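Shown next, in structure tokens, is the structure this report addresses.
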Amino acid sequence: MMILEEMSWPEIELGLKETNTVIMPLGATEEHGPHLPVFTDTIQAIEVAKEAAKRTKTFLAPPIHYGICRSTRGFPGTITVSYDGLKAYVYDILISFYETGFRKVLLLTGHAGGQHMAALEQACQQAVVELDFRVSLVSLFDLIDINTVETPGDGHSGEIETSLMMVIRQDLVKGRPGYHFPRRPMFLVLKNVKPLMGNGIMGDPSKASLEKGKAFFEMAVQGVLRALEEFESFPEN
Ligand SMILES: [Zn+2]
């Protein structure tokens, strides 16, 4: 296992002779219903990235624990950053990966808010325009086959995330609340969505199970492995 933060520089130098690929997990610090911890997105990305790194002997970088959270803003424990802040920070990290010898960087995000993804995409885009290296942006949620999920439209803190957390940190799963979707306007731009968010769940945690969690986890790992393969198989551009 090449866990970057636990290695000394000579060990990293040696490791770079074996591979110049690194996976960096990203997440968010935000409410995840009354039953899941606020680092749910981050720990999911960390654990999936760790498993993929282990199977492929690639580096695992320290995670980014903060992201852009809009719909969960105002809940105790939701700590969000600005669009420009995240974009600049991730861009800087990508450039520094290059400087230290990495040529393939896979960002795996456990949080997938619209602005969050857009900021990451722009940071990646800017980095690959400037430097000759490969960067992939993978959203963990996209790796789950929705045909295997019982709850239509299951999202934040629902069936998928609760199942995954039962595998990753069962000790931090405080029950399985029922179906809950906030009723939000289709077109209206609101100043504050918090009053509409109820308990903060957008899905159905009661449909979660350990078995599903194991299946979702493996799907996510397989997805990351496909993204790693793409580094090699996709022609240079
Ligand atoms: Zn989440």
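Since every read-out is calculated from the coordinates, none of them should be taken as a lab result. Bear in mind that the values here come from a model prediction, so they are computed numbers and not experimental data. Reconstructed Cβ throughout: ideal geometry from the backbone, glycine too, with neighbour counts over all protein chains shown.
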| P(r) weight above 15 Å for segment 142-188, C-alpha pairs, percent | 52
| task | May I ask you to order 88-95, 201-208 by the average number of other C-beta atoms within 10 Å around their residues, highest value first? | result | 201-208, 88-95
| note | Against the 2.2 N^0.38 Å rule of thumb, the C-alpha Rg of segment 99-237 sits at a ratio of 1.25
| message | Can you give me the angle between helix 83-99 and the longest principal axis of the chain, using Cα atoms only, in degrees from 0 to 90, rounded to the nearest 10? | response | 30
| remark: Sites removed, the longest contiguous part of the chain containing no DSSP-loop GluC sites (Glu not before Pro) with at most 15 other Cβ within 10 Å is 1-149
| request: Mind running the shape call on segment 70-109? Use the C-alpha gyration tensor, a ≥ b ≥ c as the square roots of the eigenvalues: rounded below 1.5 for a/c, prolate if a/b tops b/c, oblate otherwise. | output: prolate
| query | So how many Lys-Lys pairs in segment 1-116 land under 22 Å Cα to Cα, not counting same-chain pairs under 8 apart? | reply | 8
| note | Stretched fully, the stretch from residue 210 through residue 190 gains (0.36 nm per residue minus C-alpha distance, one decimal, in nm) 3.5 nm
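Where does the chain land at 222 nm, in deg cm²/dmol rounded to the nearest 500, when only DSSP H runs of n ≥ 4 count, each adding -39500 (n - 2.57), divided by all residues?
Only helices count here, giving -13500 deg cm²/dmol.
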| said: Can you tell me the orientation of helix 210-233 relative to the chain, as the angle in degrees between its alpha-carbon axis and the longest Cα principal axis, to the nearest 10? | reply: 30
| said: For the pair residue 9/residue 92, report the inter-label distance in nm, with labels modelled 7 Å from Cα in the Cβ direction. | reply: 2.0
| In what sequence do 160, 3 fall when counting other Cβ within 10 Å, fewest first? | 3, 160
| field | Pairwise label distance in nanometres, residue 132 with residue 84, each label 7 Å out on the Cα-Cβ vector | value | 3.3
| said: Taking 0.36 nm per residue of sequence separation and subtracting the Cα-Cα distance, how much length would be gained by fully extending the chain between residue 222 and residue 18, in nm to one decimal? | reply: 71.2 nm
